[in-house]
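Take a look at the structure below.
The values are calculated or read from the model by the stated rules, or taken from the named source; none is laboratory data. Keep in mind it's a predicted model, so treat the numbers as computed, not measured. Cβ: placed from backbone, ideal geometry, glycine included. Neighbour counts: every protein chain shown.
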Amino acid sequence: MKRTAVYAGSFDPITNGHLSLVKRALQIFDKIVIAIAVNPEKSPLFTLEERLEMTRIAVRETISESERVEVDHFEGLLVEYLKKRGANVILRGLRAVSDFDYELQLALMNRYLNPDIQSVFLMTDFRWLFLSSTIVKQAARFGGDIEGLVPRIVAEKLKEKFSR
């Protein structure tokens, strides 16, 4: 039986911190599904298609075992998506205590909705403790140097978005 974990989020855009977490999770799981959430209540900078494309390219270019990583999307409840995928593990990253409070609430709600679902938390590498998609977008919007914080494809797409 393959151990599959689903790493869900908006990934607007994916960062090197996200990819670092996926690389480390591959030491524990046989397969990681990066599941990009479609949330009608959010207004992402990038379309779903752009986020899927950037994430797929970033995985191919930065993860040596990219064949063990799948990029997909979902709408609705994450626990329903996991059931559809035949997975029972949600992978989440933690940067700070503030992340833990929010992630604990999500994990408990997911457990309530489906007691067979396990949430696994990995601490972010020290190098990426400060990093978030929001911070990257803000820096890029005002012309900040984001090289080394995001994959090449993301840096290019952010430049395109903000040069208009």
**OP:** Return the pairs, sorted by first residue and then second, in which the second residue is of a type in the set (Lys, Arg) and surrounded by 15 or more Cβ atoms within 10 Å (Cβ to Cβ), the first residue lies in segment 120-142 and is without any contact (Cβ under 8 Å) to a residue 40 or more places away in the chain and outside any loop (DSSP other than H, G, I, E, B), the beta carbons are less than 7 Å apart, and the residues are 6+ apart or on different chains.
**Re:** PHE121/ARG92
**OP:** Check segment 20-32 and report whether any residue there is closer than 19 Å to LEU122 by Cβ, among the small types (Gly, Ala, Ser) and either surrounded by 15 or more Cβ atoms within 10 Å (Cβ to Cβ) or in contact (Cβ under 8 Å) with a residue 60 or more places away in the chain (or both).
**Re:** yes
Original post:
How about segment 58-111: which of its residues are among the charged types (D, E, K, R) and touching a strand residue (DSSP E or B) at 6+ places or on another chain (Cβ under 7 Å)?
Top reply: ARG68, GLU70, ASP72, GLU75, ARG85, ARG92, GLU103
Original post:
Would you pick out the residues in segment 123-135 that are at pLDDT 95 or above and in contact with a strand residue (DSSP E or B) (Cβ under 6 Å, 6 or more places away or on another chain)?
Top reply: none
Original post:
Picking from GLU50, GLU70, GLU103, which residue would you name as being under 14 Å from SER119 (Cβ atoms) and within 15 Å of the chain's Cα centre (by Cα)?
Top reply: GLU103
Original post:
Can you name the residue in segment 55-71 that is assigned to a helix (DSSP H, G or I) and of a type outside the set (S, T, N, Q) and, of all such residues, is surrounded by the fewest Cβ atoms within 10 Å (Cβ to Cβ)?
Top reply: GLU67
**OP:** Just give me the residues in segment 1-36 being in contact with a Lys or Arg (Cβ under 7 Å, 6 or more places away or on another chain), modelled with pLDDT of 95 or more and among the charged types (D, E, K, R), in sequence order.
**Re:** ASP12, ASP30, LYS31
Subject >> Some residue of segment 133-144 being touching a Gly at 6+ places or on another chain (Cβ under 6 Å) and under 20 Å from VAL69 (Cβ atoms) >> reply: no
**OP:** With the condition kept exactly as written, say whether any residue in segment 37-56 is modelled with pLDDT of 95 or more, more than 28 Å from GLU160 (Cα to Cα) and among the aromatic types (Phe, Trp, Tyr).
**Re:** no
Subject >> Residue that is surrounded by the most Cβ atoms within 10 Å (Cβ to Cβ), among those in segment 78-99 that are closer than 20 Å to ASN16 by Cα and touching a residue at least 12 places away in the same chain (Cβ under 8 Å) >> reply: LEU91
Original post:
So which residues in segment 100-119 are modelled with pLDDT of 95 or more, surrounded by 16 or more Cβ atoms within 10 Å (Cβ to Cβ) and part of a helix (DSSP H, G or I), if there are any at all?
Top reply: ALA107, ASN110
